[in-house]
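Single-structure report; data block below.
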Amino acid sequence: MDKTTSIHGMWSSRLMFILAATGSAVGLGNIWRFPYMTSDNGGGAFVLVYLGCILLVGLPILMAEILIGRHGRVSPINTFRKLARESGVSRHWVAIGWIGIVAGILILSFYSVVAGWTLHYAFLYVKQLAGGAAITDPGATFAALLADPLELTFWHALFMLLTVAVVALGVEKGLERAVRFLMPALFLLLMMLVVYGMTTGFMGQAAAFLFKPDWTVITGGTFLSAMGQAFFTLSLGMCTMMTYGAYLPREGVSIGRVGIAVALTDTSVALLAGLAIFPIVLSFGIDPAGGGPGLIFTSLPLAFETMPFGIVYGLAFFGLLAVAAWTSSISLLEPATAFLVERFGMASRKRAALGIAGLSWLLGLLSVLSLNLWSGVRILDRDIMTFIEFIANDLMLPLGGLLIALFAGWALNRTILREQLSDMPPVLFTTWRWLMRVVAPALVLIVLVRAVV
Ligand code: TRP
């Protein structure tokens, strides 16, 4: 029956869950990835497809993950084992948990490399404050970083250590403390950057690029990228939100409401990031299309060098972005760690976290090298880092999400669903259920099939 607590600890309140889940959702995906995906996929049309994916697929699956987690109360693999038994369906559903663990290790591997870039940039601004050289040619500064495997490895390692440290401490001591103040601070900083964008005189043009769809640039690839981005930004498809849901108290917490709160905040941060970055891009005469993964690193420093207190600002911005990445990376590590803890006993949380992170760090070296020494290596037309990102974000997450939707829609019995979503009006409940059963799986399947063939 439904347990009321998990052995890994519990969020101390509903607010803490929302902060932690938002901390997981808001990260590099919103501030680094969303702007450049929008840039590479032609602007408004991509944004619109992405918003559609969030609403029809992302939000409903987010609720499904939280619900499954809160009912199971253990790590994803054991949750599926338990729930499948309870509902009398095949135990092969456990595969979703395994997909999640593998995807998590893959994503963490390159996520930590990119988060390392943000640490490096924060450090560049510290050096500037201490009288170091200005970043006069951001393109060259960025290229120099990518060309240096040792520098990249150092920051990648440092970031991974920070991640392990929090996860090793556990839910209450580690995860909660990290999110309480830092997330609101980042939000504030982003707002200030949007205000700065208004002073450039290019806000109108930026908004047009973001919100006026040019349908001629849409291809099948746009849908795949938008779907992948929707899953990535909401931390869906690899049982992260399920794991966080397992630590969510029952009393007085509405899954529908917390789901909406998380999805809304996450989407607003991405759109705000777009409104902060594109005016700067445009005002410096950079082409907003085809910016690539370097977009924020080659555009924002231009503004930081010219605006008042820009250096302090640059430090705060990249520092807080690193923090946002941190609260996300811990959520990439937590599901696998929780599984190992259940498998081998509570005493080993530290070792479990260290083992998984070590593996992911090693894999991350492939991404590091693909940026320089191995940049010529191509797999399916992509460099190694882009390839790992493609497999994990664009294929594994949607596949995981598709299976989670089917599990929630068809395998779990209705009583469990109704019990978890008890406050939901009947019409909404029925809508949600059919989104899970038919709409979300169909949309994801179409996108996946088109990607593969
Ligand atoms: N959502 C985070 C971001 O936007 C990244 C992330 C954290 C994630 N946990 C995840 C992505 C689980 C996919 C699955 O930066």
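The values are calculated or read from the model by the stated rules, or taken from the named source; none is laboratory data. Since we're looking at a predicted model, the values are computed, not measured. No Cβ is skipped: glycine too gets one built from the backbone with ideal geometry, and neighbour counts run over all protein chains shown.
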Worksheet item: Between a first residue in segment 151-169 that is under 17 Å from residue 118 (Cβ atoms) and without any contact (Cβ under 8 Å) to a residue 60 or more places away in the chain and a second residue that is assigned to a helix (DSSP H, G or I) and small (Gly, Ala, Ser), which pairs have beta carbons less than 6 Å apart while being 6 or more apart in sequence or on different chains?
Response: 155/116
Item to complete: Could you check residue 107 against (1) within 28 Å of residue 344 (Cβ to Cβ); (2) at pLDDT below 95; (3) under 14 Å from the mean Cα position of the chain (by Cα) and say which number it fails?
Response: (2)
Worksheet item: Any chance segment 318-330 includes a residue that's surrounded by fewer than 19 Cβ atoms within 10 Å (Cβ to Cβ) and either in contact (Cβ under 8 Å) with a residue 40 or more places away in the chain or closer than 15 Å to residue 169 by Cα (or both)?
Response: no
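Among the residues of segment 236-246, which ones are aliphatic (A, V, I, L, M) and not in a helix (DSSP H, G or I)?
236, 238
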Discussion item. Please determine whether any residue of segment 349-364 is in contact with a Ser or Thr (Cβ under 9 Å, 6 or more places away or on another chain) and of a type in the set (Val, Ile, Thr).
Written reply: yes
Response to the item:
Note on residue 145: of the conditions (1) closer than 27 Å to residue 50 by Cα; (2) in a helix (DSSP H, G or I), unmet is (1)
Discussion item. Being over 22 Å from the mean Cα position of the chain (by Cα) and among the polar types (S, T, N, Q): is that true of residue 24 here?
Written reply: no
Discussion item. List the residue pairs whose Cβ atoms are under 6 Å apart, where the first residue sits in segment 220-246 and is in contact (Cβ under 8 Å) with a residue 40 or more places away in the chain and more than 10 Å from the ligand (Cβ to nearest atom), the second is among the small types (Gly, Ala, Ser) and outside any helix (DSSP H, G or I), and the two are 6 or more positions apart or on different chains.
Written reply: 246/6
Worksheet item: Does residue 356 satisfy the criteria of being within 16 Å of the ligand (Cβ to nearest atom), more than 30 Å from residue 435 (Cα to Cα), of a type outside the set (Phe, Trp, Tyr) and touching a helix residue (DSSP H, G or I) at 6+ places or on another chain (Cβ under 6 Å)?
Response: yes
Discussion item. Criterion first (closer than 13 Å to residue 365 by Cα, out of contact with any strand residue (DSSP E or B) (no Cβ under 9 Å at 6 or more places or on another chain) and buried (at least 21 other Cβ atoms within 10 Å of the Cβ)) does residue 164 satisfy it?
Written reply: no
Discussion item. Residue 185 - would you say it is surrounded by fewer than 19 Cβ atoms within 10 Å (Cβ to Cβ) and farther than 24 Å from residue 284 by Cα?
Written reply: yes
Item to complete: Scan (1) surrounded by fewer than 24 Cβ atoms within 10 Å (Cβ to Cβ); (2) among the aromatic types (Phe, Trp, Tyr); (3) modelled with pLDDT of 90 or more for the single condition residue 159 breaks and write down its number.
Response: (1)
Item to complete: Have a look at 11, 93 and point out the one that is part of a loop (DSSP other than H, G, I, E, B) and either farther than 30 Å from residue 318 by Cβ or not β-branched (Val, Ile, Thr) (or both).
Response: 11
Worksheet entry | Scan of segment 130-150 for residues that are touching a helix residue (DSSP H, G or I) at 6+ places or on another chain (Cβ under 6 Å) and surrounded by fewer than 17 Cβ atoms within 10 Å (Cβ to Cβ), ordered by number | 134, 139, 149
Discussion item. Going by what's in this entry, would residue 257 be described as surrounded by fewer than 21 Cβ atoms within 10 Å (Cβ to Cβ), in contact with a helix residue (DSSP H, G or I) (Cβ under 8 Å, 6 or more places away or on another chain), charged (D, E, K, R) and more than 19 Å from residue 389 (Cβ to Cβ)?
Written reply: no
Fill in: segment 203-223, residues that are surrounded by 20 or more Cβ atoms within 10 Å (Cβ to Cβ) and aliphatic (A, V, I, L, M)
206, 210
Worksheet, complete the sentence: Those residues of segment 247-290 which are outside any helix (DSSP H, G or I) and free of Cβ contacts under 8 Å to residues at least 60 places away in the same chain amount to 251, 284, 285, 286, 287
Worksheet item: Does segment 315-349 hold any residues that are farther than 20 Å from residue 243 by Cβ and either in contact with a strand residue (DSSP E or B) (Cβ under 7 Å, 6 or more places away or on another chain) or β-branched (Val, Ile, Thr) (or both), and which are they?
Response: 323
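Out of all the residues in segment 26-84, which are outside any helix (DSSP H, G or I) and either within 14 Å of the ligand (Cβ to nearest atom) or touching a strand residue (DSSP E or B) at 6+ places or on another chain (Cβ under 8 Å) (or both)?
Residues satisfying the conditions are 26, 27.
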Item to complete: Just need a number here: residues in segment 16-49 that are out of contact with any Lys or Arg (no Cβ under 8 Å at 6 or more places or on another chain), farther than 28 Å from residue 112 by Cβ and not β-branched (Val, Ile, Thr).
Response: 3
Item to complete: Look at residue 230 and say whether it is in contact with a helix residue (DSSP H, G or I) (Cβ under 6 Å, 6 or more places away or on another chain) and either closer than 23 Å to residue 22 by Cα or in a helix (DSSP H, G or I) (or both).
Response: yes
